[in-house]
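Shown next, in structure tokens, is the structure this report addresses.
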Amino acid sequence: MSVHEIEVTINGTKYREQVESRMLLSDFLRETCGLTGTHVGCEHGVCGACTINLNGSAVRSCLIFAVQVDGQSITTVEGLAKDGELTPLQKNFIKCHGLQCGFCTPGILMSTTDYLQKNPNPTVQEIKEMLSGHLCRCTGYGGIIEAIQKTIEENSKELEHERR
Ligand code: FES
Ligand code: FES
């Protein structure tokens, strides 16, 4: 068994831990760090439930080994809210009933947050294409799309307001 020490910053906190070389990042987050908001569904890159943000990009944590993130910076769903205040996207998921069991939700929130930072004004078709990387067994996606659209509208209103 090969064990390595890694240091990684997660949601602004430094973790220094011993990990087996074959440990998946998703398992490291959940089991070693106790950050169980990152969900594990398929464990082979299909369902999107395990999506986190690594150095500014949404990635699937089940496709990365924990040793690969040594020295890097991660945000998980636990790191989205600031000082207990949910992000507008999170609030809109609640308002628009964008979830039922919530299993897929953390991954979708992580992907969408990253996506909207890079593409602030996507079409519905583009939103659907982004969501095609996430499997939700509950909602039929209607509420999820609505929540994302509402967030885009709010963001652009806020931007307009700032420009005035
Ligand atoms: S658990 Fe990683 S994509 Fe499904
Ligand atoms: S809300 Fe249940 S899987 Fe998406």
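Each value in this text was obtained by applying a stated rule to the coordinates, not by laboratory testing. Fair warning: this is a prediction, and the values are worked out from it, not measured in the lab. Backbone-built Cβ (ideal geometry, glycine too); neighbour counts: all protein chains shown.
Residues whose amide H falls under 5 Å from that of GLY41, counting only those 5 or more places apart or on a different chain, are ALA49, CYS50, with hydrogens built in the peptide plane.
Here the label points at LEU159 and TYR15, each 7 Å from Cα along the C-beta direction, are separated by 3.4 nm in the simple model. The residues packed around THR36, meaning those with a beta-carbon under 15 Å from its beta-carbon, carry a net charge of -2 if Lys and Arg are +1 and Asp and Glu are -1. Positive end of the dipole of the range 1-124 (Cβ unit charges, origin at the Cα centre): among LEU99, ILE6, PHE65, the Cα lying farthest that way belongs to LEU99.
Dividing the summed -39500 (n - 2.57) terms of all DSSP H runs of n ≥ 4 by the residue count of the chain sets its mean residue ellipticity at 222 nm at -10000 deg cm²/dmol. Please compute the net charge surrounding ALA49, taking Lys and Arg as +1 and Asp and Glu as -1 over other residues with Cβ under 11 Å from its Cβ. That works out to +1.
When peptides 33-39, 46-52 are ranked by their average number of other Cβ atoms within 10 Å per residue, the highest-first order is 46-52, 33-39.
Around the Cα centre of the chain, unit charges on the Cβ atoms of Lys, Arg, Asp and Glu (plus for the first two, minus for the last two) sum to a dipole of about 360 debye.
Entry note, the chain: relative contact order of 23 percent, from Cα contacts under 8 Å with a spacing of 6+ residues.
Cα centroids of the range 19-72 and the range 128-164: 24 Å apart.
With +1 assigned to the C-beta of every Lys and Arg and -1 to the C-beta of every Asp and Glu, and no other charges, what is the dipole magnitude of the range 88-163 about the Cα centre in debye, to the nearest 20?
My answer is approximately 240 debye.
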